[in-house]
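*Asks:* Here it is: the structure, laid out below.
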């Protein structure tokens, strides 16, 4: 079973690289769409000279700071919206409006507000992450089955017990889904911010490579984003599954709104 | 043991299109402490609403429910509801043992007492071996037994049971009905039981209230059920009682069709 899955994975990766390789020569100009072997060479080179680490570290640092701020405020706000009808009615319309505005569009505003330094990057990442976290948390908190709450009341649970022992555990799977979606959004946000104003980071590396006509390095940057995305998603899923397997049993399928 | 009383209980709900609908009209009745009191009636007649009022989940528009002189105005550990939707009633992140222990933890009972009660009631419902399992690993019937053990471990005065076995398959249902009758005899709790199943009502109850069809539902008649034991469908008194009740229910259904 395990071997079967691994070999399918290998086949899928091989097919992806194969199609990429052939199409660079057949359909595109290899100077624009760089074949995978050259991208691999470039990746190896920038790994050796330390450039790759510098850019990844710059982006990762920004993502961590922005993501943590977004998560704390997102879970807080989402909980309030989920608990209080009036908060939901007041906050839902503006949030619905804002969620459709892509992070790329607010980069210029973030720069005007927070300057060219780290502040504007954090702001963009917080903006990208907070919305899915708010919606998922609110859905989980507000969607706690009424019977579950009533059952706890019949067993003598007070307000605080109901919140911490019933509502929070019921909402966990939803919050976790929000956190996972938000992590992907955080990387989209940071790349957008770095493309417009930065002197390091993966987004900067891609944009600079284009400006200096280093297509192999540009592809290396794009490839890197995919790798980082898959890697961090696996990591967060692994960590959360370990920590919260109890709470994830509530659900058999994926949930969440983006 | 205190009696559960309903005094002139009327319940109206707002209708979506405006105005109100009256679900219960002026219901007065008394559930004697220690009795197994069943509310029987066609679906939609307001049985569950009456139970929710006794639980303290809902407040009647007029009148009140009380335990002897104490008016019921909120849920409390002296009255535990056994829900039909056991999938949501059990806490999925707690295993069987932890579910049963929940009420005792709320009451800040000592570890020794918690252990004693959990052991006792898991044994009573026959789930001692399954204490470490999580709800998703259990069948519907097992889940319902956990819910019963969880309620009993908390030692409430009254169990309020809202069609607890209606969602189970026929064989499991029959098994649990007989098991639960024994448990009731062992523990002597006061029970307010809701069902639309005449057979179930006759098998379990000491008192049986037949409700009229809603809206404006009232109690049509209360029977004291004193049948020959063991209660079997083949017994003459059981069969006679069954057809009497069936006659009343048929009449009620006819009335609601006609109106």
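A short reminder: the numbers here are calculations on the coordinates, not readings from a lab. This one's a predicted model, so the numbers in the text were calculated from it and none came from an experiment. Counting neighbours? That spans all protein chains shown, and the Cβs are built from the backbone with ideal geometry, glycine included.
*Asks:* For chain B, what D do you get in µm² per second when you plug the Kirkwood radius from alpha-carbon pairs into Stokes-Einstein at 20 °C and 1.002 mPa s?
*Replies:* Estimated diffusion coefficient is 112 µm²/s.
*Asks:* Let me ask something additional. Give, as ranges by residue number, the residues of segment B:184-208 whose backbone N falls under 11 Å from the point 7 Å along Cα→Cβ of residue B:224.
*Replies:* Under cut-off, by backbone N: B:207.
*Asks:* log₁₀ I(q)/I(0) of segment B:92-155 at q = 0.15, 0.21, 0.26 Å⁻¹, via Debye over equal Cα point scatterers, no solvent, to two decimals?
*Replies:* -0.37, -0.72, -1.09
*Asks:* What residue among A:60, A:138, A:151 has the largest mean-square fluctuation in a Gaussian network model of chain A, using Cα springs under 10 Å?
*Replies:* Ranking A:60, A:138, A:151 by mean-square fluctuation puts A:151 first.
*Asks:* Something else about it: On alpha carbon coordinates alone, what is the Rg over Rh value for segment A:33-89, Rh being the Kirkwood radius?
*Replies:* Computed over Cα atoms, the ratio is 1.40.
*Asks:* Restricting to Cα pairs below 8 Å that are 6+ residues apart, what does the relative contact order work out to for chain B? Please round to a whole percent.
*Replies:* After rounding, I find 26 percent.
*Asks:* Between residue A:47 and residue A:61, what is the label-point separation in nm under the 7 Å Cα-to-beta-carbon projection?
*Replies:* Reported label-point gap for residue A:61 and residue A:47 is 2.3 nm.
*Asks:* If Rh is defined by the Kirkwood formula over all Cα pairs and Rg also comes from Cα, what ratio Rg/Rh do you get for segment A:4-139?
*Replies:* Across segment A:4-139, the Cα-based Rg/Rh ratio is 1.14.
*Asks:* Another one. Do me a favour and compute the ellipsoid semi-axes for segment B:191-259 from its Cα gyration tensor, root of five times each eigenvalue, largest one first, whole Å.
*Replies:* 23, 14, 9
*Asks:* List the relative contact order of chain A as a percent without decimals, with contacts defined as Cα pairs under 8 Å and 6+ residues apart. Show your work: numbers first, answer last.
*Replies:* Numbers: 290 pairs, mean separation 61.3, N = 258.
Relative contact order here is 24 percent.
*Asks:* Given the convex hull over the Cα atoms of segment A:164-244, what projected area results after averaging over all orientations, in nm²?
*Replies:* For segment A:164-244, averaging the hull's shadow over all directions gives 6.3 nm².
*Asks:* Let me check I have the definition right: for segment B:133-258, take the eigenvalues of the Cα gyration tensor, multiply each by 5, take square roots. What are those semi-axes in whole Å, largest first? Write down the numbers at each step before the final one.
*Replies:* Details: eigenvalues 149, 62, 47 Å².
Three semi-axes, in Å: 27, 18, 15.
*Asks:* Hey, for a label at residue A:118 modelled as a point 7 Å past Cα toward Cβ, could you say which residues of segment A:67-97 have their backbone N under 20 Å away?
*Replies:* Under 20 Å, as judged by backbone N against the label point of residue A:118, lie A:67-73 of segment A:67-97.
*Asks:* Still on this structure: Please find the FRET efficiency linking residue B:21 to residue A:84, where r is the Cβ-Cβ separation and R0 is fixed at 30 Å, and quote it to the nearest 0.05.
*Replies:* 0.60
*Asks:* A further question follows. Taking the protein assembly as shown, how much of its Cα-Cα pair set, in percent, is spaced more than 45 angstrom apart?
*Replies:* 36 percent
*Asks:* Could I have the simple spin-label model distance between residue A:21 and residue B:136, label points 7 Å from Cα toward Cβ, reported in nm to one decimal?
*Replies:* Result: 4.1 nm between the two label points.
*Asks:* Regarding chain A, what whole-number volume in Å³ per residue does the convex hull of its Cα atoms give?
*Replies:* 163 Å³
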